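Shown next, in structure tokens, is the structure this report addresses.
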Amino acid sequence: MVSRVKKFPNVENLVNMPAPKPQSLIVRHETAAERKTREESEARLRPNRQLPVAAPAAIRNMKIAAEAWRRVMREYHSLEGEIVTRLDLDLLLDYCVLAEQVHELDEMRTNARELYKYLIEKNRQHREDGEVVEAVMMSEKIQSMMDHIIKLDSRVDRKRDLMFKMRQHLYLTPRSRAGVAPKEKDPEPKEVDPMAMLLGEITDFVNGDGNQQE
């Protein structure tokens, strides 16, 4: 019996293909027609609401996650081009939650390391005092603590690797930005003090007269 199920040999390749870059990140030469088509396509996918600068309610009570959100938003808003939109909200939230979890794992490892050092010292004291049984028991605790630290290292390494991959999708790594980094916004023009300008003109005039007399 011939199966009627269609096969799509290139589905995996399509899934793994990188997402198209936003118009603001395109640096290759494009014709006016190509640019217009791309801009219209992006406009149809641009949500009406923008990403909030303040941390969303989902992570507002998570100190590290909220700080990560505000830091990333400051960088995005300092750029002339639009890199992320409201459609990227969940990805950004996941990234910030991961930052919180990595911070927690780092703290757990620090505490485990301090306890490990304490057990080492107690083991040394038991051996010096001839307390063999206590020394053996302490050695078992030391080995258990070592295993715990190794497991923590493995977990945090996996989470950091996931954060790195998210940074690539969010254009937060040097390689993901290479050749496509948008310009920074022009700084806001400073207000000119009329009195300072007048004094500067008088100074220039006086100096100019002095040079002429010489």
Self-check item: Cβ charges +1 (Lys, Arg) and -1 (Asp, Glu), total dipole of segment 50-183, debye
Solution: 580
Practice problem: Pop the C-beta distance of Asp153 and Glu67 into the FRET formula with R0 = 30 Å and round what comes out to the nearest 0.05. | Solution: 0.80
Quiz prompt | Taking N as its residue count, the alpha carbon Rg of segment 50-183 over 2.2 N^0.38 Å | solution = 1.54
Exercise. Please list the non-local residues whose amide H lies under 5 Å from the amide H of Leu79, H modeled 1.01 Å from N, same-chain partners needing a gap of 5 or more.
Key: Lys185
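None of the figures in this text is laboratory data; all of them are computed from the coordinates on show. On a predicted model such as this, the values are computed, not experimentally measured, just so you know. Positions of Cβ are backbone-derived with ideal geometry, glycine not excepted, and every protein chain shown enters the neighbour counts.
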